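This report concerns only the one structure given below.
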Amino acid sequence: MPQMNRDQRNAAWQAAHQWRTRAAQTQPSGLMGSLKLLLTWLAFGALMVVGVVLGLVFLLIGWAMMPFVRHKMKKRMEQMRADQAQDIGGGYAHTQRRSGYQDALEGSYEVKQEAPHR
């Protein structure tokens, strides 16, 4: 850490001292200051309670939705497995023809003889 010179330290000390004096001046004094402080803490506490309640509500909603999401994902996986089994079983070319695509593996093939080199 670089060494601070004396002027920089003094400036930092002066800023800290000014901040401390301003903080001491703004402390609540009398009944109105205490009332403001009490209302501020009550508002903060109320916001914390509302936040915790909302968090618990969303947590419970998430837990309640879990079985439905799991059921939906299970159905989706079953459909994917069925599609994969159909692809392996040879139904793939049929589904491609239905959707308008040509299947490159269909047709008859011949092996051509190589022409002799000259």
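List of remarks:
- Condition check for GLN25: without any contact (Cβ under 8 Å) to a residue 24 or more places away in the chain, polar (S, T, N, Q) and surrounded by 10 or more Cβ atoms within 10 Å (Cβ to Cβ): no
- Any hit, segment 83-92, residues being outside any loop (DSSP other than H, G, I, E, B), modelled with pLDDT under 80 and either touching a His at 6+ places or on another chain (Cβ under 8 Å) or exposed (fewer than 10 other Cβ atoms within 10 Å of the Cβ) (or both): yes
- For first residues located in segment 46-60 and touching a residue at least 12 places away in the same chain (Cβ under 8 Å), partners that are surrounded by 10 or more Cβ atoms within 10 Å (Cβ to Cβ) and not in a helix (DSSP H, G or I) and lie 6+ apart or on another chain with Cβ distances below 6 Å do not occur.
The values are calculated or read from the model by the stated rules, or taken from the named source; none is laboratory data. The structure displayed is predicted, hence computed values, not measured ones. Positions of Cβ are generated from backbone atoms using ideal geometry, with glycine treated the same way; all protein chains shown enter the neighbour counts.
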